[in-house]
Number of protein chains: 2
Amino acid sequence: MATLAPTVAVIGGGQLARMMAEPAAALGIPLRLLAEAEGVSAAQVVPDHAVGDYTDLDTLRRVTEGCAVVTFDHEHVPTDHLHALEATLPVRPGPDALVHAQDKAVMRARLAELDVPCPRNAVVASVADVEAFGLPCVLKTTRGGYDGKGVWFVGSPAEAEAVFATAAEQGRTLLAEERVDFRRELSALVARSPSGQVAVWPVVASTQRDGICHEVVAPAPDLDPELALQAQRAAMRIAGELDVTGVLAVELFETRDGRILVNELAMRPHNTGHWTQDGAVTSQFENHLRAVLDLPLGAPDARERWTVMVNILGGTRETGRLYDGFPHAMARDPRLRVHLYGKELRPGRKVGHVNAYGDDLEDCLERARHAAAWFAGDLGEESE
Amino acid sequence: MATLAPTVAVIGGGQLARMMAEPAAALGIPLRLLAEAEGVSAAQVVPDHAVGDYTDLDTLRRVTEGCAVVTFDHEHVPTDHLHALEATLPVRPGPDALVHAQDKAVMRARLAELDVPCPRNAVVASVADVEAFGLPCVLKTTRGGYDGKGVWFVGSPAEAEAVFATAAEQGRTLLAEERVDFRRELSALVARSPSGQVAVWPVVASTQRDGICHEVVAPAPDLDPELALQAQRAAMRIAGELDVTGVLAVELFETRDGRILVNELAMRPHNTGHWTQDGAVTSQFENHLRAVLDLPLGAPDARERWTVMVNILGGTRETGRLYDGFPHAMARDPRLRVHLYGKELRPGRKVGHVNAYGDDLEDCLERARHAAAWFAGDLGEESE
């Protein structure tokens, strides 16, 4: 059926690739997946998948052969391999863009050139460097961190020393950043096509728990329209200047004194955009596919006054199937939208999310929080 | 991953099974498919599929082994096989319900018992029977018809004679029905679970072209609320009395004198329910899965004032890919929702549909009709 439409290669078999499969099916676009193992999240729903190592160039070449474009479930494919692949097919986002999501030092340097406001930061090679930068501060590995991993809040030279020891073991470089006194975290999500079209979703507010995105409210409540516009402009500008193709998430701090500072960049569909599946005209997953194929983008407008997304994180309950949460969750809230990733519950693991939309924010929050807690086993007879 | 959730077996690899795969992925429910051939519509998006003959009981047994329930993309599985399968797993809808969608004579007899208003009808065995019934009339094969096949409008004994000759060749029984002077066709769609819960979508108006569903407007414009309620009540009553599980579509005539008459029944997601994918809180495909698993049903409410669905039917253009219609269709209408079935264009073949929703019915009609015509090749440089 390869003649019906171009095939999109997706590297990585996690939930982001899984959720791309839904709009791909609707649009009649075949996906070819490179999965880490048989049975992982996306491999359950993408027939045309191979199992292999994304750090192996030959594997990448084999999987992408005959595909129209290659895109990603994650940002961990080595930059050199991406450059090598570019000889045979479009890589979207391209390695020169993606490196800004892979390496925080490169990202900070580039954003400084662009005069995009960021927390004060410096690459540090020693505890003396950290003391010179100023304590307390945040230390981050420049590469390889995600979901709170590779980030430490340090208040003393001794704490910094311990982080250096860990980083040295892993061969990681460290970046020091000021601890920002933020009111809350925001996220500005855009999709950009190679032709230069950009679609910008409404700016959302996100809440982290243990460094993992926990809750998103779309749009961000009571956000100064001028700040919202600044955030959207920053995201569009970064996407354009870095030549990003596909979805770009710009995670931001809203400071207590009314400024926005860029925290992180992600170049793929992002947890802060999961609300778009049910709350926007076009989801981030569909627009990511449209963008990497250089098709016109779908409208990013919100369909509802409020949409709340809450992640389902494996909780205290170690056993039991998420499926067994359906009877209660679905009967209690017939308007709830549930997205599960085909993963087993494990403490702290993202295994799904719920979306609740409507006119009343408090109601949406209550519905989504209750359902997510129920699925995670944090409510009900078995909770502690 | 079979332990994460019960597996649903789906017999038939057409677009209805394909469109079940989207909510199945979202809900983390594994599907196991029996496809007619490798590469058919649903087999492109369901990894766990077998290729085989649905009229072979051994094949059906093999495919459904270990599944929690079996359901269908079409109504053509022999009734005896369904009874045999019931010994090993729940069959939903069950054979005693499904026979009413398979055999129009059985359906008419049962609806008469229930006092559900239908067109006047009689099984006819000869041209004399047809003359006694009254000409002009409609002749239908009691089994095996779909999309306008197996239906003839006859005005004379000679025309009836020709139909009997065709039916005899195919070993078909014929049903005569009065030609109803209808204002338009309506469809009442419900989902019903084995526990008896029912979800009823708004009643829609549908337009046929050459016997194939062409256009659906949800809700039916200017429908007398009392008639809408009658249609919904009839659908709920039929679903309950026939013990239907899953989606039931009741196709109706709205007569010029303000009555509704049942035309056809379908026990599966139905073309007149495709608007629910983008226009309702819960789509017919998701509620079909929830119903056959006896999970609580999702809200069937409309999310928008109007949703218009127009089918993409292979037109005059014989070559070219539907994919090549994307640049124009998507750029012209960023709010358009496109659903393709992974099929090649062939004259008269259903290969996809589009949904357009909004506050202005004329605008929705224009957008959906334009896009569907564009994809079919009926507009633009190559049109005749």
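Listing for the model above:
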| item | result |
| --- | --- |
| From the options B:Glu226, B:Glu185, B:Glu177, B:Glu169, residue that is over 20 Å from the mean Cα position of the chain (by Cα) and touching a residue at least 24 places away in the same chain (Cβ under 8 Å) | B:Glu177 |
| Subset of segment A:86-106 [under 19 Å from the mean Cα position of the chain (by Cα) and not in a helix (DSSP H, G or I)] | A:Val91, A:Arg92, A:Pro93, A:Gly94, A:Asp103 |
| Hits in segment B:31-85 (condition: among the β-branched types (Val, Ile, Thr) and under 21 Å from the mean Cα position of the chain (by Cα)) | B:Val40, B:Val45, B:Val46, B:Thr55, B:Val69, B:Val70, B:Thr71, B:Val77, B:Thr79 |
| Any chance A:Ala331 is surrounded by fewer than 18 Cβ atoms within 10 Å (Cβ to Cβ), of a type in the set (A, V, I, L, M, F, W, C) and modelled with pLDDT of 95 or more | yes |
| Unique match (being within 21 Å of A:Val198 (Cβ to Cβ), outside any loop (DSSP other than H, G, I, E, B) and assigned by TED's automatic domain parsing to the domain that holds A:Val204) among A:Ala291, A:Ala299, A:Ala331 | A:Ala291 |
| Any chance B:Ala26 is in contact with a strand residue (DSSP E or B) (Cβ under 7 Å, 6 or more places away or on another chain), of a type in the set (A, V, I, L, M, F, W, C), surrounded by fewer than 24 Cβ atoms within 10 Å (Cβ to Cβ) and more than 25 Å from A:Arg337 (Cα to Cα) | no |
| For A:Val308: the one exception among (1) outside any loop (DSSP other than H, G, I, E, B); (2) over 16 Å from A:Asp278 (Cβ atoms); (3) at pLDDT 95 or above | (2) |
| Test result for B:Thr88, hydroxyl-bearing (Ser, Thr, Tyr) and in contact with a helix residue (DSSP H, G or I) (Cβ under 8 Å, 6 or more places away or on another chain) | yes |
| Total residues in segment B:298-313, condition within 11 Å of chain A (Cβ to nearest Cβ) and surrounded by fewer than 23 Cβ atoms within 10 Å (Cβ to Cβ) | 5 |
| Extreme residue, nearest to A:Thr142 (Cα to Cα), among residues of segment A:257-281 that are within 14 Å of chain B (Cβ to nearest Cβ) and either among the aliphatic types (A, V, I, L, M) or surrounded by fewer than 24 Cβ atoms within 10 Å (Cβ to Cβ) (or both) | A:Gln277 |
| Candidates A:Thr64, A:Thr59, filtered to the one that is touching a Lys or Arg at 6+ places or on another chain (Cβ under 9 Å), of a type in the set (S, T, N, Q) and surrounded by 15 or more Cβ atoms within 10 Å (Cβ to Cβ) | A:Thr64 |
| Condition met for A:Thr59 (at pLDDT 95 or above and over 26 Å from B:Leu31 (Cα atoms)) | yes |
| Any hit, segment B:186-196, residues being buried (at least 18 other Cβ atoms within 10 Å of the Cβ), in a strand (DSSP E or B) and touching a Lys or Arg at 6+ places or on another chain (Cβ under 6 Å) | no |
| Considering residues of segment A:197-240 that are of a type in the set (S, T, N, Q) and in a helix (DSSP H, G or I) only, the residue surrounded by the most Cβ atoms within 10 Å (Cβ to Cβ) | A:Gln232 |
| Filtered residues of segment B:1-22 (kept if surrounded by fewer than 24 Cβ atoms within 10 Å (Cβ to Cβ) and more than 14 Å from B:Glu36 (Cα to Cα)) | B:Met1, B:Ala2, B:Thr3, B:Leu4, B:Ala5, B:Pro6, B:Thr7, B:Val8, B:Glu22 |
| Subset of segment B:145-174 [closer than 23 Å to B:Gly348 by Cβ and among the hydrophobic types (A, V, I, L, M, F, W, C)] | B:Val151, B:Trp152, B:Phe153, B:Val154, B:Ala162, B:Val163, B:Ala167 |
| All strands (runs of 3 or more DSSP E) inside segment A:1-80 with 2 or more residues being within 11 Å of chain B (Cβ to nearest Cβ) and under 30 Å from B:Gly352 (Cα atoms) | A:31-35 |
| Sole exception among (1) touching a strand residue (DSSP E or B) at 6+ places or on another chain (Cβ under 6 Å); (2) within 12 Å of another protein chain (Cβ to nearest Cβ); (3) modelled with pLDDT under 95 for B:Asn355, by number | (3) |
| Tally, over segment A:75-106, of residues that are in the same structural domain as A:Ile29 (by TED's automatic domain parsing), surrounded by fewer than 17 Cβ atoms within 10 Å (Cβ to Cβ) and closer than 29 Å to A:Val138 by Cα | 3 |
| Single residue of B:Glu241, B:Glu254 found to be more than 14 Å from chain A (Cβ to nearest Cβ) and in contact with a strand residue (DSSP E or B) (Cβ under 9 Å, 6 or more places away or on another chain) | B:Glu254 |
| Some residue of segment B:226-235 being closer than 26 Å to A:Leu27 by Cβ and among the hydrophobic types (A, V, I, L, M, F, W, C) | no |
| Scope segment A:321-340; condition within 7 Å of chain B (Cβ to nearest Cβ) and touching a helix residue (DSSP H, G or I) at 6+ places or on another chain (Cβ under 9 Å); matching residues | A:Leu322, A:Tyr323, A:Phe326, A:Met330, A:Arg335, A:Val338, A:His339, A:Leu340 |
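The values are calculated or read from the model by the stated rules, or taken from the named source; none is laboratory data. Please read all numbers here as calculations on a predicted model, not as lab measurements. All Cβ positions, even for glycine, are placed from backbone atoms using ideal geometry, and neighbour counts span all protein chains on display.
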